[in-house]
Amino acid sequence: MTAGENNFLKEAIKQGLRMQHRFLAEPVLARTGKGYLKSEGVAPLQRIKASLKKSKSGGHHGRTG
Amino acid sequence: MAGLVKNWLQVVPWEAVVSINAALCEARKALHKPTSDGYAPAKALWEKNRLKKISLPELLQLCFQCHRLAPFCNYNGNTFVTIVKTLLDAELKHLPPDQSFIVRSIAGHIVAGTATAIERKQLDSMLAALKE
């Protein structure tokens, strides 16, 4: 494998392990035609938006002129 | 956004797909084994498209098809969703984090086979906006 392929592989395994709790092991889509993925809800998006808001307001206060 | 048509899978040879599945199965002590009916067609489909320039919707469709073919006994969904999300991580770095999160999330739902019509429409309009 090339360096790029190896880097991708490492990142993908990290990503996959992080969200493994959201999947079922068995091949649900192949058997039923409908997949399965446990929802992570709106919390992650809310966290991102809150941090964006915080960094924007932080930047504003940090200006002097 | 010209980057949405590219040879997305250049860095993902089939051996990497197999290694990802092996790692995910090992973590949960699940059997990592090719299936008798799905492995060969999924591998052929992957290899046929691996070096082609394809659009993001085509990439999602390809990963969905491979997921549906179920090349492995376990964790097919996580294997192909992970591939798409990791590829998009690098590609969408320049986008605001909330937009990037939404695109990656919907892309994951499409590959997992759980996307709603509303999500598909939302992705289409986000991709159209990115092209402008």
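The numbers here are math on the coordinates, done by the rules we state, and not lab data. This structure is a prediction, so every number in the text was calculated from the model and none was measured. Heads up, the Cβs are rebuilt from the backbone with ideal geometry, glycines too, and the neighbour counts pull from every protein chain shown.
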I'd like the distance separating the alpha-carbon centroids of segment B:29-92 and segment B:12-28, in whole Å. 11 Å
Just list whichever of A:Lys14/B:Lys52; B:Lys6/B:Lys48; B:Lys6/B:Lys131 have alpha carbons separated by over 19 Å in the model shown. A:Lys14/B:Lys52
If you fit an axis through the alpha-carbon atoms of helix A:43-62 and take the longest principal axis of the Cα set of chain A, what angle between them do you get, 0 to 90°, nearest 10? 20 degrees
Mean separation of Cα contacts under 8 Å (at least 6 apart) over the residue count of chain B, i.e. the relative contact order in percent, is 28 percent
Would you compute the Debye intensity of segment B:7-131 from its alpha-carbon atoms alone, equal scatterers and no solvent, and pass along log10 I(q)/I(0) at q = 0.14, 0.18, 0.22 Å⁻¹ to two decimals? -0.60, -0.96, -1.31
Amide H contacts of B:Phe72 (H built 1.01 Å from N, under 5 Å, at least 5 apart or other chain): B:Thr35
Pairwise label distance in nanometres, B:Gln65 with A:Gln20, each label 7 Å out on the Cα-Cβ vector: 3.0 nm
Between B:Asp37 and B:Asp98, what's the calculated FRET efficiency when r is the beta-carbon distance and R0 is 41 Å? Round to 0.05. 0.50
Rounded to the nearest 20 debye, dipole of chain B from Cβ charges on Lys, Arg, Asp, Glu: 180 debye
Quick check: pseudo-label points 7 Å beyond the Cα along Cα→Cβ at A:Arg31 and B:Ala90, how many nm apart are they? 3.5 nm
What is segment A:3-62 by shape, rounded, prolate or oblate, if you read a ≥ b ≥ c off the alpha carbon gyration tensor as root eigenvalues and call it rounded for a/c under 1.5, prolate for a/b larger than b/c, and oblate otherwise? oblate
Using only the Cα atoms of the protein assembly as shown, what semi-axes does the equivalent ellipsoid have when each is the square root of 5 times a gyration tensor eigenvalue? Give whole Å, largest first. 31, 18, 17
Only helices counted: for the protein assembly as shown, with every DSSP H run of 4 or more residues adding -39500 (n - 2.57) and the sum spread over all residues, [θ] at 222 nm is -21000 deg cm²/dmol
